[in-house]
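S.K.: Before I ask anything, let me first share the structure, which is written out below as structure tokens.
The values are calculated or read from the model by the stated rules, or taken from the named source; none is laboratory data. Bear in mind that the values here come from a model prediction, so they are computed numbers and not experimental data. Note that we place each Cβ from the backbone using ideal geometry, even for glycine, and neighbour counts take in every protein chain shown. To get the accessible areas, we keep the full protein, side chains included, count just its heavy atoms, and leave off ligands, DNA and RNA. Shrake-Rupley method; radii C 1.70, N 1.55, O 1.52, S 1.80 Å.
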Amino acid sequence: MELEAGAKLPLLLLLQATCLGYAGADGYMSVIEVTNGGPWGDWAWPEMCPDGFFASGFSLKVEPPQGIPNDDTALNGIRLHCAGGQADLNAHVVESQSGRWGWWSEPLWCPVGGFLVAFSLRVEAPVTFGDNTAANNVRFLCSDGTELQGPGLTWGDFGDWSELCSKGVCGLQTKIQQPQGLRDDTAINDARFFCCRN
């Protein structure tokens, strides 16, 4: 996703302020994104793993299908499970803003010692008449090549993979539509992830 020139500086300043004490002053950061995110909502705050921790797993908040004529939102949240060693012993959970609908899944983990390094988002294309859901699921690539697909819904298609983090994902930011009252809700529309070197 290409950021407009005016949006790059605030994002970089926000990342710098957020990462002090997390990624470290000498830790390299980059952002990985996809191009098929939904059009609704605004970017929430970024959340970062503690210094020296990388995401070894993730879990999703998903609203199950509601049936006609009810409103579906599908993907409502993404959590990263950050590890500084043995994943099951040192996990630290971070999440950006999440929607109000659905339940959290059990975490999916990379093999021991592995980190999340890339992602792909399943998004339902906007429809003029009908129920929009935007993001439905996410899958991640681990540093050893293992692919982990979340327990999200199946509306829409997975887009291209993001670029790769050199070591691992260390933070996230979600684009979320706030509740619309009696109008159509979509919750999570897009996500971006942050890469740290150390």
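S.K.: Quick one: with all protein chains in place, what share of the accessible area of segment 30-196 is carbon or sulfur, to the nearest percent (1.4 Å probe)?
M.R.: 51 percent
S.K.: Testing the spin-label approximation: label points 7 Å from Cα along Cα→Cβ at Q149 and S30. State their distance in nm.
M.R.: So the two model labels end up 2.7 nm from each other.
S.K.: Mind giving me the FRET efficiency for D51 and E106? R0 is 22 Å, r the Cβ-Cβ distance, nearest 0.05 is fine.
M.R.: 0.25
S.K.: While we're looking at this one, here's another question. Below 10 angstrom from the Cβ of V93, what's the summed charge of the other residues (Lys, Arg +1; Asp, Glu -1)?
M.R.: -1
S.K.: Next question. I want the local charge near D157. Using Cβ-Cβ distances under 9 Å, sum +1 for each Lys or Arg and -1 for each Asp or Glu among the other residues.
M.R.: Result for the neighbourhood of D157: 0.
S.K.: For segment 30-196, I need the span (max minus min coordinate) of the C-alpha atoms along each principal axis, in Å, sorted largest to smallest.
M.R.: 47, 27, 25
S.K.: Explain nothing, just the number: dipole magnitude of segment 30-196 about its Cα centre with +1 on each Lys and Arg Cβ and -1 on each Asp and Glu Cβ, in debye rounded to the nearest 20.
M.R.: Around 220 debye, computed over segment 30-196.
S.K.: Just to confirm, what accessible area per residue do you get for segment 30-196 at 1.4 Å probe, in whole Å²?
M.R.: Using a 1.4 Å probe on heavy atoms only, each residue of segment 30-196 averages 44 Å².
S.K.: In the neighborhood of S105, defined by Cβ-to-Cβ distances under 14 Å, what is the net charge if each Lys or Arg adds +1 and each Asp or Glu adds -1?
M.R.: 0
S.K.: Taking R0 as 35 Å, what's the FRET efficiency between Q178 and F158 from their Cβ-Cβ distance, rounded to 0.05?
M.R.: Here the calculated transfer efficiency is 0.85.
S.K.: Not counting ligands, DNA or RNA, and with a 1.4 Å probe, what is T35's accessible surface area in Å² rounded to the nearest 10?
M.R.: T35 exposes around 120 Å² with every protein chain in place.
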